[in-house]
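Here, each number is a calculation from the coordinates, and none is a lab measurement. As the structure is a computational prediction, the values presented were derived from the model and not from experiment. Please note: Cβ atoms are built from the backbone with ideal geometry, for glycine as well, and neighbour counts cover all protein chains shown.
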Amino acid sequence: MKFSRFKFFLVFHRNDYLTVVEQGYILIFKKENTHSPRNTNKMKNDNWSTYCHDDKRDQVFDGSSKVLCFFPGMNLNISYNKLKTINEISSIFLNEISPVKNEEYKINAAIVRYSWKRMQDLNISVELNGETINYIFHEQPSGTSLLISTDSQY
């Protein structure tokens, strides 16, 4: 066991645990196993932050948001499936896409609309409880770009 004393708190390290004691609070951290199933996506470099970033990440939510994503070297169909694996909300509402077919369906209380503009452009709208999420895919030779915009009635 390692023991360190800093100006205002104590730090203990034993095996895979780190304990911090400060002013009546105890924080216990466990070293994460890099081979755990939870880290599989990180090890494959296959998570949300690999592909997407939020333009308003550090701002207070004002009822709208825009997230920009880019899936390098992936066509529209592959990037669509990748989105479903890295984003829980997308995996709930988005079904398999059929090539160049506009469709609309209800799932839970949501209405989902697929609108193909061309083979390389797909707009998907999910409406649920006064909130709309738009997914705008655009396939390019270098990969597929995606704009996810959310507008709520707050």
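Please give, to one decimal in nm, the separation of the simple spin-label points placed at Glu103 and Asn47, each 7 Å out from Cα toward the Cβ.
3.3 nm
Quote to one decimal, in nm, the extra length available between Ser91 and Thr132 on full extension: 0.36 nm per residue of separation minus the C-alpha distance between them.
Values: separation 41, 0.36 × 41 = 14.76 nm, distance 1.60 nm.
The span from Ser91 to Thr132 would gain 13.2 nm if fully extended.
Under the definition of Cα pairs under 8 Å and six or more residues apart, what whole-number percent is the relative contact order of the stretch 45-151? Walk me through the numbers before you get to the answer.
On the way: 191 pairs, mean separation 29.8, N = 107.
With pairs under 8 Å counted, the relative contact order is 28 percent.
Tell me, what HN-Hα J-couplings in whole Hz come from the Karplus equation 6.51 cos²θ - 1.76 cosθ + 1.60 at θ = phi - 60° for each residue of the stretch 140-147, using x for Gly and Pro?
Whole-Hz 3J(HN,Hα) from phi for the stretch 140-147: 10, x, 7, x, 10, 9, 9, 10.
Given points 7 Å out from each Cα along the Cα-Cβ axis, report the Asp151 to Lys117 separation in nanometres with one decimal.
Taking the simple label geometry, Asp151 and Lys117 are separated by 1.6 nm.
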